[in-house]
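Visitor: After the structure tokens below, expect a handful of questions from me.
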Amino acid sequence: MAKVRFVDLAGLIEIEKYLEASPDITRRAASMALNDVIGGPQGIGRYRKGISQQINFPAGYVNDDRLGVDQKATPTRLVTSILARQRPTSLARFATSGVVGGKGGVTVKVKPGGAGKTFKSGFLVRLRNGVANDGTNLGLAVRLQPGQTLNKKDTSRMVHLESNVVLLYGPSIDQVLNTSVAEAETPQVLDSVATEFFRQFARLSDG
């Protein structure tokens, strides 16, 4: 977990105008709007749904440990941040066939609705502690023939178990978020934040 995506209210509305007129109410309303929306179904929930529609991550995989709110807004700091896991995901997570140590290859399906890909020389392995993995003790390994290389489309990253045996990895959550989901979903998220700000501002002003 290393990369942070910031959401700053200053870019959504004419915040300076509200701060000049009602600084205390504006800061309270803004921090409430940021935290309520970004931390709820219209914010982080929307991003999780978008990621799951793009990639066949297992149910519950895109959870708070892998994609969540890193820092909440306060009245003195009107910025919130989202943290997404950068570690590539083991292709074993996407396996639709294959057994540990078995022959016959392993089929994976990374994208919903897409065609699966079979690694004929692939097999599932149980990983020891200390072997790079993504939290599961299963990995998808391929035994390479002399001179054989893998197409970059087949893996985002490889880890060598032996000189000719490599573990294969797919995209990280951060990669999916930043290459397609954020651009598609962020406008709606920001609209929700702005709408909630105006609601909170009106409520606090009436109080």
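The values are calculated or read from the model by the stated rules, or taken from the named source; none is laboratory data. Model, not experiment: these values are computed from the prediction. No Cβ is skipped: glycine too gets one built from the backbone with ideal geometry, and neighbour counts run over all protein chains shown.
Visitor: Report, by residue number, each residue of segment 46-100 that is within 19 Å of Ala33 (Cβ to Cβ) and either in a helix (DSSP H, G or I) or not assigned by TED's automatic domain parsing to the domain that holds Thr26 (or both).
Guide: Across segment 46-100, the qualifying residues are Arg46, Tyr47.
Visitor: Please verify whether Arg87 is closer than 30 Å to Arg27 by Cα and either surrounded by 15 or more Cβ atoms within 10 Å (Cβ to Cβ) or touching a helix residue (DSSP H, G or I) at 6+ places or on another chain (Cβ under 9 Å) (or both), treating the condition exactly as stated.
Guide: It is false that Arg87 is closer than 30 Å to Arg27 by Cα and either surrounded by 15 or more Cβ atoms within 10 Å (Cβ to Cβ) or touching a helix residue (DSSP H, G or I) at 6+ places or on another chain (Cβ under 9 Å) (or both).
Visitor: Out of all the residues in segment 33-42, is one or more of a type in the set (Gly, Ala, Ser), assigned to a loop (DSSP other than H, G, I, E, B), in contact with a Leu (Cβ under 6 Å, 6 or more places away or on another chain) and assigned by TED's automatic domain parsing to the domain that holds Ala184?
Guide: The answer is no, given that none of the residues of segment 33-42 is of a type in the set (Gly, Ala, Ser), assigned to a loop (DSSP other than H, G, I, E, B), in contact with a Leu (Cβ under 6 Å, 6 or more places away or on another chain) and assigned by TED's automatic domain parsing to the domain that holds Ala184.
Visitor: Being exposed (fewer than 12 other Cβ atoms within 10 Å of the Cβ), part of a loop (DSSP other than H, G, I, E, B) and at pLDDT 85 or above is the requirement here; does Pro112 meet it?
Guide: Spelling it out, Pro112 is indeed exposed (fewer than 12 other Cβ atoms within 10 Å of the Cβ), part of a loop (DSSP other than H, G, I, E, B) and at pLDDT 85 or above.
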